[in-house]
1. From Cα pairs below 8 angstrom and at least 6 apart in sequence, can you work out the relative contact order of chain A, rounded to a whole percent?
2. With the crude spin-label approximation of a point 7 Å out along Cα→Cβ, what separation in nm comes out for residue B:140 versus residue B:257?
3. How large is the helix-only mean residue ellipticity at 222 nm for chain B, computed as the sum of -39500 (n - 2.57) over DSSP H runs with n ≥ 4, divided by its residue count, in deg cm²/dmol to the nearest 500?
4. Calculate the all-directions average of the projected area of segment B:92-166's alpha-carbon convex hull, and give it in nm².
5. Just to be sure I understand: of the beta bridges DSSP finds with both ends in the protein assembly as shown, what percent are antiparallel, rounded to 5?
6. Assuming a ≥ b ≥ c are the square roots of the Cα gyration tensor eigenvalues, decide whether the protein assembly as shown counts as rounded (a/c under 1.5), prolate (otherwise, with a/b larger than b/c) or oblate.
7. On average, how many beta carbons from a partner chain sit within 10 Å of the beta carbon of a residue in B:154-165?
8. Pairs of Cα atoms under 8 Å, at least six residues apart: use those to get the relative contact order of segment B:224-263, whole percent.
């Protein structure tokens, strides 16, 4: 039985239909990347999976043992958070909220779990720092640590690499891959289709131009995949050639 | 100074005002941090105006002021929360609409019954003479309940304030905690309104939070300092009002303003982040 099975899901955003008849399945241990152009409804779909936005039609079912409360979610950052007075530890610890139920306070167990996750992501030394003083990459790791505090089996990541430099992005992807290898199912929205096909074992491509769901190998052979990869490598080449112009003085 | 304090404590009405006021300052400062961060500051302001309407109506009908205004303001809090969750810009306008309408209702009711008198002035700008013994008891009980609920749900309130979507996605009933915050705010405002006046009470919610955010960088740090600043400012505000014969509510607001200035300056001092 798949962990998530979506059948003919349609959703609308501010009354405009953005998703039509999307179907896919996520098995335990999968690494699914959702790719597609900007505005194709990737975040909307993720909110649908999490129950934050209503489905217009279709259904999303969770397999046995998957509790919607135990999904780790890494949302895109909000404006409020950029200037929020909170320490790294406070933010990460708040991921454990679904573990304490109605109890008012965290026990040593949750605090240990939070520290373990912070250390695993290489930010244990930042735990007393103020969240808003961190770099974008560090903030993202804090939010990933929070997601891991909440997650037992499944993490949903919404463009985790936004605003990160290539080295930090590479590290983040490595961390996510390691996580996946320990048995955690990963569902990630990404516009970095090259990284997606490198890391994921399944691809869901949504958008007006093309739709695809299947294994990464199938995606690489499909028309949608070939076209999207060509487009994104063209865009990257263009970006690299402009960067190349200033290269020598930047070393 | 010690003489002044001894004198202050010799008056029953000042003791009452201090008891209730310091508890209310504590509650409003705690809630204020969350409200300011959630961009809900206007809700506090709107609720205090609704409180004015309710209070005037209760007085006109010879009903107990607190017992009538608490439920009315709580209802208004839920309504305002609903409105501001749906759409931000419309929410702002709706709050302004409800605020001014409530003031209008209050003024009309009062002028038709007892006439515009000292009562209206007291409702708007507060009076430390307003509390009867029964009021004090009820206020203390309500404040303690607000305080306990805040401490009990502190971690939930943090999660909902920092990231509502994440909290919802991981199974926290964010809607319920938003309502809890609105409910506690409503109760705090009604209780504090008698002393501070409905035009000035929202300062107790906003000032301490803003002041402590200038200096502290962790949520707990901000919440604790905000409470401390608020209580200290309330005390000195009352003392100043006694010493200089100025209205209590306004003196407390000015003390808070001064504290805010000091915190702004302190926040400018560069310092190394501690590891």
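A short reminder: the numbers here are calculations on the coordinates, not readings from a lab. Just so it is clear, the structure is predicted and the values come from calculations on it, not from any experiment. All Cβ positions, glycine included, derive from the backbone under ideal geometry; neighbour counts span all protein chains shown.
1. Computed value for chain A: 25 percent relative contact order.
2. 3.3 nm
3. Working: 13 runs with 229 residues, N = 275.
After summing the helix terms and dividing by residue count, I get -28000 deg cm²/dmol.
4. Details: hull surface 31.9 nm².
For segment B:92-166, the mean projected area of the Cα convex hull comes to 8.0 nm².
5. On the way: 17 of 34 bridges.
Taking every DSSP beta bridge within the protein assembly as shown, about 50 percent pair in antiparallel fashion.
6. Working: a/c = 2.54, a/b = 2.01, b/c = 1.26.
Note, shape of the protein assembly as shown comes out prolate.
7. Mean number of neighbouring Cβ atoms from other chains: 6.
8. Values: 27 pairs, mean separation 15.9, N = 40.
40 percent.
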